[in-house]
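One structure is given here, and the rest of the page talks about it.
The values are calculated or read from the model by the stated rules, or taken from the named source; none is laboratory data. Because the structure is a prediction, the values reported are computed rather than measured. Note that we place each Cβ from the backbone using ideal geometry, even for glycine, and neighbour counts take in every protein chain shown.
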Amino acid sequence: MKVICALLIGSLPVAFAAVVDQNAARRERARTLFVDACTACHTLERVRVQHLNKDEWRHLIAGMLSEGVPLTDEETSLLVDYLAENFGPAEP
């Protein structure tokens, strides 16, 4: 039992590092989508001052999709999450 616990505890840093790497890769993919899809037409300042919540960003992006921005559903979700996290409502 102690050996199993030691093995499980010993593997936690590896599992944690994998999650951190996966989150970093996801964030970088979202940032790249933002740069490619949003700043191709809009300035960073225009995006930065929006302060929209997740639903509002999703609605705004739906409009961009109807204009021909080529994003998959997965990319859209990733971009909406990124925008809400980085350009969401200002905290009071």
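On the basis of being surrounded by 10 or more Cβ atoms within 10 Å (Cβ to Cβ), modelled with pLDDT of 95 or more and among the aliphatic types (A, V, I, L, M), does Leu52 make the cut? Criteria met by Leu52. Scanning the stretch 37-53 for residues that are within 19 Å of Ser66 (Cβ to Cβ) and touching a helix residue (DSSP H, G or I) at 6+ places or on another chain (Cβ under 7 Å) gives Ala37, Cys38, Val47, Gln50, Leu52.
Scan the stretch 36-92 for residues that are in a helix (DSSP H, G or I) and either farther than 22 Å from Asn23 by Cβ or not basic (Lys, Arg) (or both) and report the count.
Residues flagged as in a helix (DSSP H, G or I) and either farther than 22 Å from Asn23 by Cβ or not basic (Lys, Arg) (or both) within the stretch 36-92 amount to 34.
Restricting attention to the stretch 31-40, does a residue exist that is modelled with pLDDT of 60 or more and exposed (fewer than 10 other Cβ atoms within 10 Å of the Cβ)? Scanning the stretch 31-40, I find at least one residue that is modelled with pLDDT of 60 or more and exposed (fewer than 10 other Cβ atoms within 10 Å of the Cβ), so the answer is yes.
Each residue in the stretch 62-86 was checked for being surrounded by 14 or more Cβ atoms within 10 Å (Cβ to Cβ) and modelled with pLDDT of 95 or more, and 10 of them qualify.
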